[in-house]
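Since the structure comes first, as structure tokens, the remarks are kept for the end.
The values are calculated or read from the model by the stated rules, or taken from the named source; none is laboratory data. Keep in mind it's a predicted model, so treat the numbers as computed, not measured. All Cβ positions, glycine included, derive from the backbone under ideal geometry; neighbour counts span all protein chains shown. Just the protein is used for accessible areas: all its heavy atoms, side chains included, with ligands, DNA and RNA removed. Shrake-Rupley method; radii C 1.70, N 1.55, O 1.52, S 1.80 Å.
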Amino acid sequence: MITKIYRVKGTFVMGDEYHEFTKEYKATCEADVEQKIYDRFGSKHGINRNQISIAEIKEISPEEVLDPIVKEIL
């Protein structure tokens, strides 16, 4: 399987506040990336899936990567 790099933008609710996020992940498809977002935010912040709103999932090229951890694994 060929892996691609995706940039995800969205918001999540914590308490009474909305927080924006931008994350980059290496995955085989957009569904895998969406699942990673729900898994990681749920475990890190203790929030439910309905508290996370994904606005955009976009495939990006290796030259566009900003996350140093993702850059390291390329």
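Charging the Cβ of each Asp and Glu at -1 and of each Lys and Arg at +1, and nothing else, the dipole of the chain about its Cα centre rounds to 180 debye. Helix 30-45 axis versus longest C-alpha principal axis of the chain: approximately 50°, rounded to the nearest ten. Solvent-accessible area per residue in the chain equals 70 Å², computed with a 1.4 angstrom probe and all protein chains kept.
Return the Rg/Rh ratio of the range 30-74 with Cα-based radii and a Kirkwood Rh. Display every interim value, and only then the final one.
Numbers: Rg = 12.4 Å, Rh = 12.1 Å.
When Rh is taken as the Kirkwood radius, the ratio is 1.02.
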